[in-house]
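The values are calculated or read from the model by the stated rules, or taken from the named source; none is laboratory data. What you see is a predicted model, and the numbers here were worked out from it, not measured in a lab. Quick reminder, even Gly has a Cβ in these numbers, built from the backbone with ideal geometry, and neighbours come from all protein chains shown. Ligands, DNA and RNA are excluded from the accessible area calculation, which covers all protein heavy atoms including side chains. Shrake-Rupley method; radii C 1.70, N 1.55, O 1.52, S 1.80 Å.
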Amino acid sequence: MATTQMVELVAAGAQDADTVDRIMAAAFDPRYGEAWTRSQCVGILAMPGVWLTIARVDGRPVGFALSRAILDEAELLLIAVDPAARGRGVGAALLRGTIAAAQDRGVGKMHLEVRANNRAIALYVGHGFAQAGVRKAYYRNRAGEAFDAHTYARDI
């Protein structure tokens with residue numbers, strides 16, 4: 001049975017790149033080619049409308065969400081939870097926090113993209129996201145294998 005612990009969400013920035021790298025390395029399976037590089041993460045954090053949230057349990061960083069808002073729409077760019085902390089409500093807390101932060105920014109619609117067979121789809125659907133499209137062979141790993149991406153959206 002999953003255990004729910006108190007999840008603390010904190011605003012973060014480029015200074016937290018080591019934390020993001022550590023969580024991303026643990027959370028993203030390299031066979032799918034979904035993880036971003038450190039320079040991609042740091043680079044996007046310098047752009048207007050982008051925000052990073054770190055999730056902590058017992059003071060330890062266990063997850064993050066990277067998002068951006070442009071005018072009245074937002075996109076969840078990346079969300080990751082350390083595998084050792086999964087099943088404890090961390091991903092749900094990050095998603096709810098991201099939606100709330102987008103709403104605070106005046107966003108009316110939020111988008112995200114996810115690998116077609118990712119278990120996180122149930123989390124997104126459970127929080128009101130509906131599939132809006134498919135990008136065929138969008139993700140590519142180092143071996144050249146391709147995986148479809150599904151796009152999801154929800155009104156806020």
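What is the sum of charges around residue 116, taking Lys and Arg as +1, Asp and Glu as -1, for the other residues whose C-beta is under 10 Å from the C-beta of residue 116?
Net charge around residue 116: +2.
In terms of the Cα gyration tensor, with a ≥ b ≥ c the square roots of its eigenvalues, is region 54-137 rounded because a/c is under 1.5, prolate because a/b exceeds b/c, or oblate?
Oblate shape, in that a/c is at least 1.5 and b/c is the bigger or equal ratio.
To the nearest 0.05, what FRET efficiency results for residue 21 and residue 120 with a Förster distance of 25 Å applied to their C-beta separation?
0.80
According to the square roots a ≥ b ≥ c of the eigenvalues of the Cα gyration tensor, what is the shape class of the chain, taking rounded for a/c under 1.5, prolate for a/b larger than b/c otherwise, and oblate for the remainder?
rounded
Measuring from label point to label point, each 7 Å out along Cα→Cβ, what is the residue 28 to residue 156 span in nm?
My value for the distance between the label points is 2.3 nm.
Simple spin-label model, 7 Å along Cα-to-Cβ: residue 135 to residue 60 in nm?
The modelled label-to-label distance comes out at 3.4 nm.
Quick check: at a probe of 1.4 Å, how many percent of the accessible area of region 1-143 sits on carbon and sulfur atoms?
52 percent
Rounded, prolate or oblate for region 58-102? Axes are the square roots of the Cα gyration tensor eigenvalues, ordered a ≥ b ≥ c, and the cut-off for rounded is a/c under 1.5.
Note, shape of region 58-102 comes out prolate.
Taking the highest mean first, how do the peptides 114-121, 141-148 order by number of other beta carbon atoms within 10 angstrom per residue?
114-121, 141-148
With +1 on each Lys and Arg Cβ and -1 on each Asp and Glu Cβ, and nothing else charged, work out how big the dipole of the chain is about its Cα centre, in Debye to the nearest 20.
300 debye
Net charge around residue 49, counting only other residues with Cβ within less than 13 Å of its Cβ (Lys, Arg = +1; Asp, Glu = -1)?
That works out to -2.
Work through the residues other than residue 31 whose Cβ is under 13 Å from its Cβ and net out their charges, Lys, Arg +1 and Asp, Glu -1.
Cβ neighbours under 13 Å give a net charge of 0.
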